[in-house]
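The values are calculated or read from the model by the stated rules, or taken from the named source; none is laboratory data. This is a predicted model, so every value here is computed, not measured. Glycine also receives a Cβ, built like all others from the backbone with ideal geometry; neighbour counts cover every protein chain displayed. The protein model used for the area step is the full one, side chains on, heavy atoms only, and it has no ligands, DNA or RNA in it. Shrake-Rupley method; radii C 1.70, N 1.55, O 1.52, S 1.80 Å.
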Amino acid sequence: MAQSKKTEQTRTRVHLLLRNKYVLYGLIPLFVYGIFFTIYTWPWVTHFNGWFMTDAGDGLQNVWNVWWIQKSVTEFHQLPWHTTFLHHPFGVTLVGQTLNPFNGFVALPLLTFLNLNQAFNVMVVFSFLFGGLTAFWLCYYFTKAYWPSIVGGAIYTFSSYHFAHAIGHMQLVSLEFVPLFILLWWKFVRKPSYRLASAASVSLLLVLLCDYYYFLYSVMLAIFIFCYLWWRKELPDLRQRTTYLPFGLFVLLCAALVLPLPVALLVANSRDTFAGSHPARIYSTDIVSAA
């Protein structure tokens, strides 16, 4: 009798735990994506402490990025967008380099108890798991279907594109904040608020700190969403105080947090054109090309 009562109490606790929104919409998706990541990358996870999950080309440059951000912040007490470790003694700007500073900044506390190898690999794993999670949130917001949204997140984060860049391009691996920004922006333009204005601007900053391309795509998507909702007449009245003030806050936050880095990139390129970029004729996205 006592055993039966104890079993029933355990079932009740498990049921309540599974109904917890942080478990349901956070831990369970992360657990699922963690299992699939382990399967897809096997046996890499067994060498987590000994291998960098990257190649010996561009991949090692991204390892250097993490190392340099730690050194510039903790030893030189400066921002990492300029270094004299290259083209010494005058140095060179890193504004146009694929620095993906988000990973470097997040790695700072990790490097207090992990080595560079482990911290780098943690960031790779994070991009896959959190990328799936944010895509899951985006899918679930529109579908309200739990397991199909889990599948949607898996399709996004375990795409061939993601794995193709996983071994060399850390900045392109870090696609986890794009779905988050799109979700927050959609919610913001439909029901503006100060909270959503702040969250959308910060998420756009996180996209920028991962990759310039993803930032550009996110801005293009934001414009498309705004125009689509305007065409559908689903935008709130922009003349209302409750609408234009949150939009004003979003613009101010983007001007203060997001705009400086793209402006610095354009200024640096105008003063001395960046060299070494891939030829546009070869690497263009021509959807009508047969090649």
If TYR244 passes every condition in (1) open to solvent by 80 Å² or more (accessible area, probe 1.4 Å); (2) over 22 Å from ASN65 (Cβ atoms); (3) within 24 Å of the chain's Cα centre (by Cα) but one, which one does it miss? (3)
Provide a single number: the residues in the range 97-109 that are out of contact with any Cys (no Cβ under 9 Å at 6 or more places or on another chain) and buried (at least 20 other Cβ atoms within 10 Å of the Cβ). 3
Being touching a Leu at 6+ places or on another chain (Cβ under 6 Å) and assigned to a helix (DSSP H, G or I), is that true of even one residue in the range 263-274? no
Exactly one of SER198, SER203 is surrounded by fewer than 24 Cβ atoms within 10 Å (Cβ to Cβ), of a type in the set (Gly, Ala, Ser) and over 27 Å from TYR33 (Cα atoms), and that one is SER198
Please work out which residue is most open to solvent (accessible area, probe 1.4 Å), limiting yourself to the range 128-144 and to residues that are within 15 Å of PHE37 (Cβ to Cβ) and out of contact with any Leu (no Cβ under 7 Å at 6 or more places or on another chain). PHE130
Can you name every residue in the range 206-227 that is more than 28 Å from ALA107 (Cβ to Cβ) and open to solvent by less than 40 Å² (accessible area, probe 1.4 Å)? ALA222, ILE225
Could you list, in sequence order, all residues of the range 46-84 that are among the polar types (S, T, N, Q) and surrounded by 14 or more Cβ atoms within 10 Å (Cβ to Cβ)? THR54, GLN61, ASN62, ASN65, GLN70, SER72, THR83
Need the failing condition index for TRP147 against (1) open to solvent by 30 Å² or more (accessible area, probe 1.4 Å); (2) closer than 12 Å to PRO29 by Cα; (3) in contact (Cβ under 8 Å) with a residue 12 or more places away in the chain, just the number. (3)
Restricting the search to the range 228-238, which residues are in a helix (DSSP H, G or I) and either open to solvent by less than 40 Å² (accessible area, probe 1.4 Å) or among the small types (Gly, Ala, Ser) (or both)? LEU229
